[in-house]
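Enquirer: Here's a structure for you.
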Amino acid sequence: MRVYRLHDFGLEHLRLEQTDPPKPGIGDVLLRVRAMSLNYRDLLVARGQYSKSIRLPGVPIADAAGEIVAIGPDVENVRVGDNVCTHYVAAWREGPFRAEYLKQTLGLPGPGVAAEYVALPAGAVVVPPAGYDHAQAATLPIAALTAWSALATEADVKPGQTVLTLGTGGVSIFALQIAKARGARVIVTSSSNGKLRRAVELGADATINYREHENWDAEVIRLTDGMGVDVTVETAGIATLERSLKATRANGIVAYMGALTGLTGPINTGLLMMKRQRICGILVDSRAAFEQMNDFLPRHRIAPVIDRRFPFEELPAALRYLETGSHFGKIVVEV
Ligand SMILES: NC(=O)c1ccc[n+]([C@@H]2O[C@H](COP(=O)([O-])OP(=O)(O)OC[C@H]3O[C@@H](n4cnc5c(N)ncnc54)[C@H](OP(=O)(O)O)[C@@H]3O)[C@@H](O)[C@H]2O)c1
């Protein structure tokens, strides 16, 4: 079978190689990978910016969908022939998050999916929404579940509330779709007027070009009659956090998951106190939440937005395309 291995940090060290398919051990499934989707974290992993615990060579990429072609002993949740997608934090089944779950996240430091076949713990796969094909199912494990974690698990967004999303990448577009389906009003920011027009087609109620409006937080305040939004889905990172706090109402939530502009820097903590706001750290969600989301998405006719599909042989080109930030929604690699 063909497999991509990262031999050193840097996309130039990603090589397509031949090897024997793995055999599923106790509690494992063998997945025939049909589609992968790319996440910003895959770029951070490839660049050596994600985690100090990653040892190379290793197989990168976290999200995939495909069919189960073999199972090892003691596997009960799936059968040979089932179509599944991956669950990023395999050990997190339900309940509160625990730090030790992070040791085996998929796509390094845990097993990656950039291969024709991959052996995974049975807890690392989940049944996708009814009617989704492999490409659609592959978009869900990180991007959709992160948006769900912010809007459903943490903020419990309700009709009549207003949600702000930053940019038009994978997480943000799922956040737009999920927030609209929960009855919220959604304000979307982007660097591109063309992308903002596409966001309106998906249901965005108001849009702001953050390049044209450097003080985009003031625009958000204007669009919410001086109040600010109930929830901000903060995907952009430290450089935008202070504006996100300003754009969010008193007692509101900033769901923080972004690393696009970096992780460390100064913020005005006075804003947090004076508006009694909550910055809520988001790290995807549990398998139980994933199953709830997979029930919700087709009931609300949410179709993942796939910007572009690449063949397996072009994974490095697909990662470089992700790096340009010119996509809208998700990038899929078909195997
Ligand atoms: N903690 C978690 O569980 C978790 C899970 C998933 C993702 N994340 C993080 O969330 C972030 C987004 O991930 P993703 O996979 O959705 O990324 P992505 O698809 O690569 O999104 C990139 C988009 O973000 C927008 N952007 C970039 N800089 C921005 C800025 N300064 N202000 C506003 N928007 C900006 C741009 O949109 P426009 O072109 O429209 O301007 C860009 O196209 C990443 O930092 C990722 O690591 C965290």
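Enquirer: Using only DSSP helix segments of four residues or longer, with each worth -39500 (n - 2.57), what per-residue ellipticity at 222 nm results for the chain after dividing by its residue count and rounding to 500?
Expert: When only DSSP H runs of four or more count, the value is -7000 deg cm²/dmol.
Enquirer: Using label points projected 7 Å from each Cα along Cα→Cβ, tell me how many nm separate Arg320 and Ala250, to one decimal.
Expert: 5.3
Enquirer: Starting with the highest mean, order 308-314, 88-94 by the number of other Cβ atoms within 10 Å, averaged over the residues of each peptide.
Expert: Numbers: 308-314: 14.6, 88-94: 19.6.
For the peptides 308-314, 88-94, the packing ranking is 88-94, 308-314.
Enquirer: So how much slack lies between His13 and Arg98, counting 0.36 nm per residue of separation and subtracting their Cα-Cα distance, in nm?
Expert: 27.3 nm
Enquirer: Amide H of Ile279 versus every other amide H placed in the peptide plane: which residues, excluding those fewer than 5 positions away on the same chain, fall under 5 Å?
Expert: Here Val254 satisfy the definition.
Enquirer: Cross-link partners among lysines for Lys52, C-alpha distance below 28 Å, same-chain residues fewer than 8 apart left out?
Expert: Lys103, Lys330
Enquirer: Report the one residue of Met274, Pro159, Trp148 whose Cα lies farthest in the direction of the positive end of the charge dipole of the stretch 144-281 (charges on C-beta: Lys and Arg +1, Asp and Glu -1; origin at the Cα centre).
Expert: Of the candidates, Pro159 comes out farthest on the positive side.
Enquirer: Give me the percent of the accessible area of the stretch 144-281 that comes from carbon and sulfur atoms, probe 1.4 Å, all protein chains in place.
Expert: The computed percentage sits at 51.
Enquirer: Just want to confirm a number: the relative contact order over the stretch 144-281, from Cα pairs under 8 angstrom separated by 6+ residues, in percent.
Expert: Numbers: 283 pairs, mean separation 27.4, N = 138.
Computed over the stretch 144-281, the figure is 20 percent.
Enquirer: While we're here: I want to check the label-to-label distance for Arg278 and Met1. Put each point 7 Å from Cα in the C-beta direction and report it in nm to one decimal.
Expert: Going from the Arg278 label point to the Met1 one covers 4.2 nm.
Enquirer: Trypsin sites (Lys or Arg not before Pro), restricted to the stretch 1-89: which are DSSP loop and have at most 15 other Cβ atoms within 10 Å? Mind showing how you got there, number by number?
Expert: Details: sites: Arg2, Arg5, Arg15, Arg32, Arg34, Arg41, Arg47, Lys52, Arg55, Arg79; in loops: Lys52, Arg55, Arg79.
Sparse-neighbourhood loop trypsin sites (Lys or Arg not before Pro): Lys52, Arg55, Arg79.
Enquirer: Now for a different question. Could you give each residue of the stretch 308-318 its phi-based ³J(HN,Hα) in whole Hz, using Karplus coefficients 6.51, -1.76, 1.60 with θ = phi - 60°, and x for Gly or Pro?
Expert: Each residue's phi maps through the Karplus curve to give 7, 10, 10, x, 3, 4, 10, 3, x, 5, 5 Hz.
Enquirer: Show me, for the stretch 275-287, the HN-Hα J-couplings you get by feeding each phi into the Karplus relation (A = 6.51, B = -1.76, C = 1.60, θ = phi - 60°), rounded to Hz, glycine and proline as x.
Expert: Ordered by residue, 3J(HN,Hα) equals 10, 6, 8, 10, 8, 10, x, 10, 9, 5, 6, 7, 4 Hz.
Enquirer: For the stretch 144-281, please report how many Lys pairs fall under 22 Å Cα to Cα, leaving out neighbours fewer than 8 apart on the same chain.
Expert: Taking the Cα cut-off of 22 Å, the pair count is 5.
Enquirer: State, as an integer percentage, the relative contact order of the chain based on alpha-carbon contacts under 8 Å between residues 6 or more apart.
Expert: For the chain, the relative contact order is 18 percent.
Enquirer: Given the Cα-Cα distance of Val80 and Glu242 and 0.36 nm per residue of separation, how much length would full extension add, in nm?
Expert: Result for the pair: 53.4 nm of gain on full extension.
Enquirer: In whole Å, largest first, what are the principal axis extents of the Cα atoms in the stretch 212-335?
Expert: The Cα atoms of the stretch 212-335 stretch 52, 33, 27 Å along the principal axes, largest first.
Enquirer: Over the stretch 1-106, with a single point scatterer placed on each C-alpha, what log10 of the ratio I(q)/I(0) does the Debye formula yield at q = 0.11, 0.13, 0.14, 0.22 1/Å?
Expert: -0.40, -0.57, -0.66, -1.40
Enquirer: Something else: So if the hydrodynamic radius of the chain is defined as the Kirkwood radius over C-alpha pairs, what does Stokes-Einstein give as its diffusion coefficient at 20 °C and 1.002 mPa s, in µm² per second?
Expert: Reported coefficient: 106 µm²/s.
Enquirer: Set the Förster distance to 30 Å, then compute FRET efficiency between Ala259 and Glu291 from the Cβ-Cβ distance, nearest 0.05.
Expert: The pair Ala259/Glu291 has a calculated efficiency of 0.65.
Enquirer: Which residues' amide hydrogens lie under 5 Å from the amide hydrogen of Gly237, considering only partners 5 or more residues apart or on another chain, with H built in the peptide plane?
Expert: It is Gly258, Leu260, Thr261, by chain and number.
Enquirer: Go through the stretch 32-39 residue by residue and turn each phi into a ³J(HN,Hα) via Karplus (6.51, -1.76, 1.60, θ = phi - 60°); whole Hz please, and just put x for glycine and proline.
Expert: 7, 6, 10, 8, 10, 10, 9, 10
Enquirer: From the C-alpha gyration tensor of the stretch 144-281, pull out the three semi-axes of the equivalent ellipsoid (sqrt of 5λ each), sorted largest to smallest, in whole Å.
Expert: Semi-axes from the Cα gyration tensor: 19, 17, 15 Å.
Enquirer: Continuing with this model, one more query. On a full-extension model of 0.36 nm per residue, what is the gain between Asn209 and Arg55, subtracting their alpha-carbon distance, rounded to one decimal in nm?
Expert: 51.4 nm
Enquirer: Please report, in debye to the nearest 20, how large the charge dipole of the chain is about its Cα centre when each Lys and Arg carries +1 at its beta carbon and each Asp and Glu carries -1 there.
Expert: The calculation lands at about 560 debye.
Enquirer: Also: How do the peptides 103-111, 322-330 rank, highest first, by the average count of neighbouring beta carbon atoms within 10 Å per residue?
Expert: Result, highest mean Cβ count within 10 Å first: 103-111, 322-330.
The values are calculated or read from the model by the stated rules, or taken from the named source; none is laboratory data. Because the structure is a prediction, the values reported are computed rather than measured. With ideal geometry, Cβ positions are generated from the backbone for all residues, glycine too; neighbour counts draw on all protein chains shown. Surface accessibility is based on the protein's heavy atoms, side chains included, excluding ligands, DNA and RNA. Shrake-Rupley method; radii C 1.70, N 1.55, O 1.52, S 1.80 Å.
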